[in-house]
Amino acid sequence: MMETLTETLQAWFGAAWQAPLMAAGRVLVILALALLAQRGSRRLLRLLRERMTADTDDAAHVRRVDTVFRVLRYFLTAIIILIGGLLVLSELGVSIAPILGAAGIVGIAVGFGAQSLVKDYFSGFFLLLENQIARGDVVRVADCSGLVEDITLRYIRLRDFAGNVHYVPNGLVTTVTNMTRDFAFALMDVGVAYREDLDEVFTVMKETAEGMRRDPAFAARILEPLEIAGVENFADSAVVIRCRFRTRVLEQWSVRREYLKRLKAAFDASGIEIPYPHLTLYAGADRKGNAQPLRVRQE
């Protein structure tokens with residue numbers, strides 16, 4: 001078959017064009033194989049992803065798998081392009097041995113000159129390996145908080161509540177606060193006046209919480225009954241009570257807002273005062289409560 005093709009090329013173009021045309025044919029074959037390898041790798045990764053997420057309803061697990069497979073797809077694509085490019089250069093008559101040697105030297109130089117970039121890649125690798133962050137998580141890293149829209153080996157892209165997008169290099173990540181791992185707590189500090197009966201306050205808080213758990217709109221978001229820790233602090237004008245709900249991930253903020261809204265209405269209906277800052281003036285009263293007349297002078 002190859003001899004027949006060679007004879008046909010010689011008859012059409014002459015012997016001088018044989019080598020370039022054969023090289024061009026091999027280049028086309030290499031490009032076609034690279035394209036098939038890229039598509040095949042993507043299809044294989046997609047099948048593996050579907051297999052790993054087929055029997056689970058855990059949204060967090062699905063997000064973590066998506067993150068890892070996206071990085072693997074980019075990594076395999078880079079390898080296929082690199083190998084394909086080297087083979088094409090070899091077919092074009094370019095010696096790749098000096099290129100590989102120069103690439104090693106350049107890699108060492110770049111490693112010393114771009115240490116922050118290397119640090120970004122190493123940190124990103126371990127962030128993914130240890131499963132600290134995944135797409136869809138809400139995290140706090142490097143003084144930035146927001147929803148993880150993308151994570152690569154070099155950076156994390158966050159979008160905060162105001163819509164601002166933050167690009168955080170992985171090398172700057174020293175501490176990761178993940179607010180959406182497995183479950184969350186809707187933590188609340190509720191202030192009531194000093195004169196209120198705390199047992200009555202606790203009862204109203206629990207009744208409001210149970211009414212919220214019976215609401216179909218919030219029943220699936222709340223995992224456990226309201227937990228009242230007790231008196232957290234004696235503030236200037238209020239007794240602060242700390243409580244929390246255990247919720248599904250990403251639901252702690254909506255549950256907290258709705259509970260405080262309903263608790264305000266319940267306190268109003270029960271006559272429980274939610275205090276505001278105020279100041280009481282004592283004008284030199286003695287032990288019997290007698291005080292001199294207060295004189296107000298305007299200047």
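The single residue among Leu147, Leu128, Leu158 that is touching a residue at least 12 places away in the same chain (Cβ under 8 Å), surrounded by fewer than 19 Cβ atoms within 10 Å (Cβ to Cβ) and not assigned by TED's automatic domain parsing to the domain that holds Gln252 turns out to be Leu147. Looking only at residues in region 214-263 that are of a type in the set (Gly, Ala, Ser) and in a helix (DSSP H, G or I), the one that is farthest from Phe183 (Cα to Cα) is Ala217. Residues satisfying the criterion are present in region 177-200 (criterion: assigned by TED's automatic domain parsing to the domain that holds Leu263, over 17 Å from Arg256 (Cα atoms) and without any contact (Cβ under 8 Å) to a residue 12 or more places away in the chain). Please go through region 232-255 and pick out each residue that is surrounded by fewer than 16 Cβ atoms within 10 Å (Cβ to Cβ) and either touching a residue at least 60 places away in the same chain (Cβ under 8 Å) or more than 18 Å from Glu207 (Cα to Cα) (or both). Glu232, Asn233, Phe234, Ala235, Asp236, Ser237, Val240, Trp253, Ser254 - these are the residues of region 232-255 that are surrounded by fewer than 16 Cβ atoms within 10 Å (Cβ to Cβ) and either touching a residue at least 60 places away in the same chain (Cβ under 8 Å) or more than 18 Å from Glu207 (Cα to Cα) (or both).
The values are calculated or read from the model by the stated rules, or taken from the named source; none is laboratory data. Everything numeric in this text was worked out from a predicted model, so none of it was measured. Here Cβ is always computed from backbone atoms with ideal geometry, including for glycine, and neighbour counts include all displayed protein chains.
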